There are 2 protein chains.
Amino acid sequence: MAEASLRDGAESQARSSRVVIVGAGFAGLAAARELGNTAIDVTVIDRRNHNLFQPLLYQVATAALSPADISEPIRRTLGRYRNIRVMLAEVIGVDAVAKTVKLDGGTDVAYDRLVIATGSEYNYFGHDDWRAWAPGLKTIHEARLIRQRLLIAFEKAELSHDPEEKKALLTSVIIGGGPTGVEMAGAIAELGRFMITRDFRRLEPDHMRVILIEAGPKILAAFPDNLTQYALKALEKAGVEVMTNLPVQSVTNGEVVAGSLRIRTGCVIWGAGVKASPAGTWLGIEGKPAGRIPVGADLSVTGFADIYAVGDTSAALGEDGKPLPALAQVAKQQGEYLGKALRQGLLEGRVASPFQFRNRGNTAVIGRNAAIFDFGKWTLKGRLAWFLWAIVHVYLLVNFEKRLLVSIQWIWRYLTRQRGARLIDENAAISVPSSTQRTET
Amino acid sequence: MAEASLRDGAESQARSSRVVIVGAGFAGLAAARELGNTAIDVTVIDRRNHNLFQPLLYQVATAALSPADISEPIRRTLGRYRNIRVMLAEVIGVDAVAKTVKLDGGTDVAYDRLVIATGSEYNYFGHDDWRAWAPGLKTIHEARLIRQRLLIAFEKAELSHDPEEKKALLTSVIIGGGPTGVEMAGAIAELGRFMITRDFRRLEPDHMRVILIEAGPKILAAFPDNLTQYALKALEKAGVEVMTNLPVQSVTNGEVVAGSLRIRTGCVIWGAGVKASPAGTWLGIEGKPAGRIPVGADLSVTGFADIYAVGDTSAALGEDGKPLPALAQVAKQQGEYLGKALRQGLLEGRVASPFQFRNRGNTAVIGRNAAIFDFGKWTLKGRLAWFLWAIVHVYLLVNFEKRLLVSIQWIWRYLTRQRGARLIDENAAISVPSSTQRTET
């Protein structure tokens, strides 16, 4: 009898509990799912209407997949949970005293528990003017932009009669030797070589250069040396020039300056580092490192009541006392942990044990038949790693339809080397290089 | 001996024959294919890098398919023909005396035979300022724009607290009762009803209106009355309000004025008529009707030597003496005819018999299980017509990969009613309606 009324009390408290989750990436969605179809009132706010499977975004940028293959409307993902409401809106601040989230446009949303899961963005280390010439790879918009620049550079090179200009247009520069940089470099080399031999008449494979620039002493610094060495060889075999210990000094339209090098280029891609979303400033926090919000072992924001931070924007510490890396698997595990902790806390009054990250393996793919896996105790590389990479990434897609569509396109590509999404938007500027008036005969 | 030397002469003449095709739509591509792997030197110029299967573009606009599912790089389509060169460039004029095509940027391309296949664009009948508020459906860019406006209107409606504003945002207006208008109206009604019942929490199906406005006395005027009647009933069953004899007086941001009606709306789509591309002006011709270039029975442009016009931009006459309709099947047949005629003319010196259009059947789809076919002597409507429509359109796609991808998505959608491509680009403006400051609890 006493127990029943206690439970009733918890239920009615839960019903009046409002959890607001800002951001529907890996972390936010995982938290929301754990809270789905409970008596808790959940609101998920994102400025985008879709979640994005970022590990495959480089394939959109290199014309292998369509944006819709790797993204899904947040409403669709969460539609089955009747207690979850989705808002497409931009958050501009948090009032931790009134316990409200402020939206662009003047609406406030009240919360009892707030989850900040706003992710990260590319860090240009004070050179935000480089962004226009060297987009990163965080959104569909950027992936389409990169795809267009790449394809237009090839088209312009085909039309050019100036050998120097031709070479410059066919030179791609990728800044940053992390997994994204390596994946982009490998994919661009494959795409370029295929297009030149198959589809263009006035370009030679030798005209093409793909340059991967890393400021530090080695690429894929998070991986053990044997895998880095393998990746380096695989990249070089694919025709990528890897340059390490080379900090970039300037990026302008069509030129990258690094060390003593001046590289004329048709397409620059930024993958040199991330910083946390500016969510810390909502709380008046200057997060560290790179804007990440300090949290305790329960992922609650240090110094605030009822506010939590998960994923790339959170500076949770690992067992070694260092901040956990900004990886999808960390975000997902934190979201799941927090969603479960909030559910049990609000419905059952239970206190959760501290968050612990379980490393499921770190991976990067260089190209056809070449990938690396680091599982901590053991590693994997080569064709087998590549198959495993493909299977894992198909499996991680959000539903059966996307798994089927991506599988078919990958099998098709494996057999034909064709990339199906080589689209240039009609609104992109195209024109024949106008150096000289000439008649083609 | 005499014959052999004659053939040699024809071969060497062909080798020096340069055919330039401007535009790689249905007509231009069909012509190019007929000239593929011959001794003729062919150049295809388009300002886009892809051809587009326009009959399915409305499915991109209504989030059912991805752009890459229905478009393919022109280079990929023509890559197998070693005598065909593709140029991504904008044509700005023709010098019929010097026999050159002028490209934006200063390059001239010389021709011996010129094929103009530049298609059509939407006709705003002197109101080009309406275009910004009422995009047509001719390019991927426009399809994405419409998809975004539709989805954003629903998102804004979900956030709105003003019942009038909610209703306005959920009202879509389609101007023009031709096949495109009917297809869009049916698809928007289906999409909207599904999203409201499944994914939104604060919208009711009754809030939604889809209005199809036609200036003339009936929709689908090119079809026989029994089919039009059926389409009208199917549209009304799907929840579309069809208004005929209602010319539009103005289109502004968020409002359409037609007759005595003032309709507040979240999304307007234009499908009220097409005009030919401005290619006629390159020749100093004011084409008729609606800018279409006058051609003879061999599709050569009247008054010009060695210049031909095919597809929507050509005003070829049918057996009844009226201009042929601007349809994909007309364009394809004309392109095939002309490509063959040029090949036989240049290689064998043969003179082609006049072009004759063969009607393969005219079709429009209203929605799930509802389509119409007009084969001239007999007609088809309902579920069977819809299955036939789906099979024909999958078959007409450019290759096996696209056929498979589209089939899977259609089957998936038929079973689940889900539309996989409900993406709003990150750069689209979103903000909460700001009428009043309020706190949501």
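The values are calculated or read from the model by the stated rules, or taken from the named source; none is laboratory data. Remember, it's a predicted structure, so these values are computed and weren't measured experimentally. Cβ sites come from the backbone with ideal geometry, for glycine too, and all protein chains shown count toward neighbours.
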> Scanning region A:195-218 for residues that are charged (D, E, K, R) and within 18 Å of A:Arg419 (Cα to Cα), which turns out surrounded by the most Cβ atoms within 10 Å (Cβ to Cβ)?
Replying inline: A:Asp199
> without any contact (Cβ under 8 Å) to a residue 12 or more places away in the chain and out of contact with any Gly (no Cβ under 7 Å at 6 or more places or on another chain): does that describe A:Glu183?
Replying inline: no
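Please determine, by comparing only the residues of region A:62-84 that are in contact (Cβ under 8 Å) with a residue 60 or more places away in the chain and in contact with a strand residue (DSSP E or B) (Cβ under 8 Å, 6 or more places away or on another chain), which one is nearest to the other protein chains (Cβ to nearest Cβ). Please lay out each step first, then the result.
Applying the first criterion (in contact (Cβ under 8 Å) with a residue 60 or more places away in the chain) to region A:62-84 yields A:62-67, A:69-72, A:77.
Keeping just the survivors that are in contact with a strand residue (DSSP E or B) (Cβ under 8 Å, 6 or more places away or on another chain) gives A:70-72, A:77.
On the way: A:Ile70: 10, A:Ser71: 6, A:Glu72: 8, A:Thr77: 10 Å.
Checking each candidate, the answer is A:Ser71.
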>> I want to confirm something. Restricting to region A:99-122 and keeping residues that are in a strand (DSSP E or B) and within 7 Å of another protein chain (Cβ to nearest Cβ), which single residue is surrounded by the fewest Cβ atoms within 10 Å (Cβ to Cβ)?
In response: A:Ala110
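On the basis of being assigned to a helix (DSSP H, G or I) and within 25 Å of B:Leu191 (Cα to Cα), does A:Ala31 make the cut?
It is false that A:Ala31 is assigned to a helix (DSSP H, G or I) and within 25 Å of B:Leu191 (Cα to Cα).
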> Are any residues in region A:85-98 in a loop (DSSP other than H, G, I, E, B) and either touching a Lys or Arg at 6+ places or on another chain (Cβ under 7 Å) or facing another protein chain (nearest Cβ under 7 Å) (or both), and if so, which ones?
Replying inline: A:Ala89, A:Glu90
>> If I filter region A:54-98 down to residues being buried (at least 22 other Cβ atoms within 10 Å of the Cβ) and among the acidic types (Asp, Glu), which single residue comes out as farthest from A:Pro278 (Cα to Cα)?
In response: A:Asp69
>> Given (1) in contact (Cβ under 8 Å) with a residue 40 or more places away in the chain; (2) outside any loop (DSSP other than H, G, I, E, B); (3) hydrophobic (A, V, I, L, M, F, W, C); (4) in contact with a Gly (Cβ under 8 Å, 6 or more places away or on another chain), identify the lone condition not met by B:Ile211.
In response: (4)
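So which strands (runs of 3 or more DSSP E) stay within region A:258-373 end to end and still have 3 or more residues that are in contact (Cβ under 8 Å) with a residue 60 or more places away in the chain and under 30 Å from A:Gly192 (Cβ atoms)?
Output list reads A:267-270, A:362-367.
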>> Taking the criterion of being within 14 Å of chain B (Cβ to nearest Cβ), farther than 28 Å from A:Pro278 by Cα and either of a type in the set (Asp, Glu) or crowded, with 21+ Cβ neighbours inside 10 Å (or both), would at least one residue in region A:180-194 satisfy it?
In response: yes
> Residue check, A:Gly376 against (1) under 20 Å from A:Arg33 (Cβ atoms); (2) at pLDDT below 95, all met but one. Which one?
Replying inline: (1)
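Give the residue that is farthest from A:Arg85 (Cα to Cα), with candidates limited to residues of region B:161-200 that are of a type in the set (Gly, Ala, Ser) and part of a helix (DSSP H, G or I).
Going through region B:161-200, the residues of a type in the set (Gly, Ala, Ser) turn out to be B:168, B:172, B:176-178, B:181, B:185-187, B:189, B:192.
With part of a helix (DSSP H, G or I) added as a condition, the list becomes B:168, B:181, B:185-187, B:189, B:192.
On the way: B:Ala168: 22, B:Gly181: 33, B:Ala185: 28, B:Gly186: 28, B:Ala187: 26, B:Ala189: 23, B:Gly192: 18 Å.
Among them, the one singled out is B:Gly181.
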> Checking B:Ala221 against (1) assigned to a helix (DSSP H, G or I); (2) surrounded by fewer than 24 Cβ atoms within 10 Å (Cβ to Cβ), which test does it fail?
Replying inline: (1)
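Residue by residue, here is whether (1) in the same structural domain as A:Thr171 (by TED's automatic domain parsing); (2) crowded, with 19+ Cβ neighbours inside 10 Å; (3) at pLDDT below 95 holds:
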{"residue": "A:Gly259", "(1), (2), (3)": "yes, no, yes"}
{"residue": "A:Arg264", "(1), (2), (3)": "yes, no, no"}
{"residue": "A:Val268", "(1), (2), (3)": "yes, yes, no"}
{"residue": "A:Glu286", "(1), (2), (3)": "no, no, yes"}
{"residue": "A:Ala316", "(1), (2), (3)": "no, yes, yes"}
